[in-house]
Amino acid sequence: MNFPFDPDRGLIVVQAELYGPSGSIVLRLAVDTGATGTMINAAPLAIAGYDASLAPDRIQVTTGSGVEYTPRLPVSRITALGHEQTDFPVLVHTLPPSASIDGLLGLDYMRNRVLNVDFRSATVSLT
């Protein structure tokens, strides 16, 4: 299944749905093949009912601004690009508001699949 994106925008942004104790929320995630882990802003996670302070561990993450330790929290279910992951660990980190996205869809979500980004047809697929 192909999903559209805006090829003129700086990021490839796709819709995802996150399920939590308080219900589900639709997210805008940037497909990021440079991110080893999927990262979601703390605010949408809180809306879905997750508490980052209860994360079982913190992970060292290298960002553009340096090395930080961020909570890693398992979410019950997340869907994106036609696929679903359950009991999926995400990193909790706050991206700048100017990013206008809710997080990053990282390599951990795409492992063992084929990612196809077609700029001519402005579509992305994960099979």
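Only one of the numbered conditions (1) within 30 Å of Ser53 (Cβ to Cβ); (2) not in a loop (DSSP other than H, G, I, E, B) is not met by Thr94, and that is (2). Among the residues examined, Ala55 qualifies as surrounded by 13 or more Cβ atoms within 10 Å (Cβ to Cβ), over 13 Å from the mean Cα position of the chain (by Cα) and either farther than 29 Å from Phe119 by Cβ or aromatic (Phe, Trp, Tyr) (or both).
Looking at Val61, Val26, Val14, just one residue is crowded, with 17+ Cβ neighbours inside 10 Å, modelled with pLDDT of 95 or more and either of a type outside the set (Phe, Trp, Tyr) or more than 17 Å from the chain's Cα centre (by Cα) (or both), and that residue is Val14.
Across the range 48-74, what is the total count of residues that are over 22 Å from Leu11 (Cβ atoms) and outside any loop (DSSP other than H, G, I, E, B)? Outline the logic, then answer.
Here is the first cut: in the range 48-74, the residues over 22 Å from Leu11 (Cβ atoms) are 48-60, 67, 69, 71-74.
So of that shortlist, the ones also outside any loop (DSSP other than H, G, I, E, B) come out as 52-54, 57-60, 67, 69, 71-74.
Matching residues across the range 48-74 total 13.
Sort out which residues of the range 36-47 are closer than 15 Å to Ile25 by Cα and either modelled with pLDDT under 85 or not in a strand (DSSP E or B) (or both), and write them in order of number. Once the filter is applied, which keeps residues that are closer than 15 Å to Ile25 by Cα and either modelled with pLDDT under 85 or not in a strand (DSSP E or B) (or both), the range 36-47 yields Asn41, Ala42, Ala43, Pro44, Leu45, Ala46, Ile47.
Is it true that Arg120 is touching a strand residue (DSSP E or B) at 6+ places or on another chain (Cβ under 6 Å), of a type outside the set (Asp, Glu) and either surrounded by fewer than 18 Cβ atoms within 10 Å (Cβ to Cβ) or at pLDDT 95 or above (or both)? Steps first, please.
Details: touching a strand residue (DSSP E or B) at 6+ places or on another chain (Cβ under 6 Å): no; of a type outside the set (Asp, Glu): yes; either surrounded by fewer than 18 Cβ atoms within 10 Å (Cβ to Cβ) or at pLDDT 95 or above (or both): yes.
So Arg120 does not fit the description; no.
For Ile101, work out the one condition from (1) part of a strand (DSSP E or B); (2) surrounded by 15 or more Cβ atoms within 10 Å (Cβ to Cβ) it doesn't fulfil. The single condition Ile101 does not satisfy is (1).
Here the range 1-11 is the region considered, the condition is being out of contact with any helix residue (DSSP H, G or I) (no Cβ under 9 Å at 6 or more places or on another chain), of a type outside the set (Gly, Ala, Ser) and over 14 Å from Thr79 (Cα atoms), and the residue that is surrounded by the most Cβ atoms within 10 Å (Cβ to Cβ) is Phe5. Only residues that are exposed (fewer than 15 other Cβ atoms within 10 Å of the Cβ), more than 29 Å from Met1 (Cα to Cα) and touching a residue at least 24 places away in the same chain (Cβ under 8 Å): list them for the range 64-88, please. Of everything in the range 64-88, just one residue is exposed (fewer than 15 other Cβ atoms within 10 Å of the Cβ), more than 29 Å from Met1 (Cα to Cα) and touching a residue at least 24 places away in the same chain (Cβ under 8 Å), namely Glu68. Residue pairs whose Cβ atoms lie under 7 Å apart, separated by 6 or more positions or on different chains, with the first residue in the range 44-60 and at positive phi and the second in a loop (DSSP other than H, G, I, E, B) and of a type outside the set (Val, Ile, Thr), are Gly49/Pro21; Gly49/Ser22.
The values are calculated or read from the model by the stated rules, or taken from the named source; none is laboratory data. Note that the coordinates shown come from a computational prediction; the quantities given were computed from them, not determined experimentally. Quick reminder, even Gly has a Cβ in these numbers, built from the backbone with ideal geometry, and neighbours come from all protein chains shown.
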